[in-house]
Structure formats: structure tokens, C-alpha cells
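Reading through the C-alpha cells given below for one structure.
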Amino acid sequence: MLKAEFRHFLSNPIFFIEASRILSGISKIVSIRPFPKIGFEFDFCRANGLKIVVLETRISRILSNAKFSESRILILTRDERFAKRLISLEKKILNGKLDFEKGRRKLIMLEGKLFGYPDCCSKAYAKSKTSLPLETKLIIDAIERGIFSQLILGLRKSQILSFPQFFTLNFYPCEADCKRAERVGLKIKRSLGEFGFVFSLRTMLNALYLLRIAYKSAHHSGILSKVAREFLKTLKKEELEMIEAVAEVDYEEFSNNFIRSLMKRYYDRSGREHNSDWDG
Ligand SMILES: [Zn+2]
């Protein structure tokens, strides 16, 4: 169970939710945003044996039409060897010891395993490199299953809903209601103990992120844009304005701010103890 002081957690909720995935054994690595060398995050890492590793990659995991794109991400882990495994597999592909597409598939599967994603979702993601992108398929599925309608209703009524299958950003479940992904999400929620409701909030924001992609795609062409346009037509003006408002924000910063303001209200109302001298 995550042990963190309220005001520490409040300073960067997403960091603590991600770190909890490692501490509870669900993930070996998680990707994080940079944070200052002096601060709650840094102290928390030191106290819990978490290391920060820079992972530089050259093989694109995202694009199906481009093989290479350089990226540099920060990884949180208990053991640097997990990152090294990824780097050495990439090297094998780059040196031609492994066939490119086969190697990339292996890379996606290994990465998925380290991030704690269900096999069915990693497989679907790897497969989608040669067909319709999983992200597109997932968003259409979410529209058809009424997930975004539920989300909007929840936001309108200020209800906290939970979409555990969307447990982290940049993860795409194989289906909008993948039961294995849901189970991973529920495990993360339990690992957060008293902060479990914050996890639910975050899954709402992650679902909203997918809706934001649908909203943006409506202006383009393609299969998603058609389905998205039909769905957006069913929404009220103020609901469309709400999606538009988040269309261009820095999403992690927005998510953290959103969670913070609700956490403060929630804890104030329920009269639970927290350090009220925290004011940003
Ligand atoms: Zn799945």
C-alpha cells in the first residue's frame, strides 16, 4: 500500500500514482515527467529505492509507416537492468541480428511486459502496426460502447466514475472493455489505499484524453473522423466547449491541476485530516 503524506501526494498526484505501479509489483518500469532534484518526488524515490533512468530509443513503437524516430523518456524503476534489456534488444534490431518487424514486435511485447500491460493488449498493439492503429480502433470502440457518453454525464453531474482499463496515458487496451486491463487498473487502485479515489479521477481524465483525440480527428478525414463527427453531433454545445477547452492543454499538467482541486474539496468536505498549509 502506498505510503505518502497527503501534501506530498497533492504536489504531484500523477507521479505518485505511477510510482505506486512499481511499488505494488504491477510494473517494472513506468514513464514519468522530469521533476526537480529537490522535492517530494525525489525524496520519495530515495526512500523507496526507485531509480530514475533516461531511456533513449531509436526504433519507433508508435508509427507504422516510419521505422525510426528518436525519443528520450524518463523511466522510474527499481532496477536499471530492465531498461538495459530494452536497449540491448533494440541494438540487436539495429545491427540487423533480428528482422526489423519481428524485432519490433518483440520489443513492443517486452516493453508491454515491463510496463505491466496485459499480453492481449500488447499483442493487439504490435499487430496494429500493420493495420488500423489500435488507438483509432479503441476510440471507435469506446464511442460505440457508450463510454464517452457515460464520461460526459459523469463530468456534468460531478460524479466520480472509474474506467480502470484506462489506467495510464499512452496505454491502449485491446478493447474498450478489456477485462484484463480492468483488473490491472483495479489492482493499481487498491495499491493506492486511501488515495484510491484519485485513481478513479485519473481514469476519467484518461478517457477524456481519448475523447479529445476523437474531437481533433473530426476535422480530418478517415474512418475515425466519420464516427467521431457522428458522435459529437449528439453532444450539447457546452459539452463540446468542455472538450474544446482541453484540446490544446498540456495534458499531464491539466490532469494534476484537476485532481488537486478536487482532492482539496473532497478532503475538506469529508473533514479528513490533511495539512492545510499546502497552498500551491
Ligand atoms: Zn487486452
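Read-outs throughout are calculated quantities, based only on the coordinates presented, and are distinct from any laboratory measurement. Treat the numbers as computed from the prediction; the structure is a model and nothing was measured. Don't worry about glycine lacking a Cβ; one is built from the backbone with ideal geometry, like all the others, and counts go over all protein chains shown.
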Any of K102/K123; K3/K113; K137/K233; K137/K226; K67/K92 with alpha carbons more than 22 Å apart? Name them for me. K3/K113
Calculate the radius of gyration of the Cα atoms of the stretch 6-269 to one decimal place, then report Dmax, the largest Cα-Cα distance, as a whole number, both in Å. 18.8, 60
When the chain is fully extended, how far beyond the present Cα-Cα distance does V249 get from L110, taking 0.36 nm per residue of separation? 46.9 nm
With a cut-off of at most 11 other beta carbons within 10 Å, and DSSP calling the residue loop, which GluC sites (Glu not before Pro) in the stretch 161-259 qualify? Please list them. E248
Inter-probe distance in nm under a simple model that places probes 7 Å from Cα toward Cβ, at V54 and K91: 1.8 nm
Between K233 and R61, what is 0.36 nm times their sequence separation minus the Cα-Cα distance? Round to one decimal in nm. 58.6 nm
Could you list the residues of the stretch 3-44 with an amide nitrogen less than 12 Å from a label point located 7 Å from the Cα of Y267 in the Cα-to-C-beta direction? 4-13
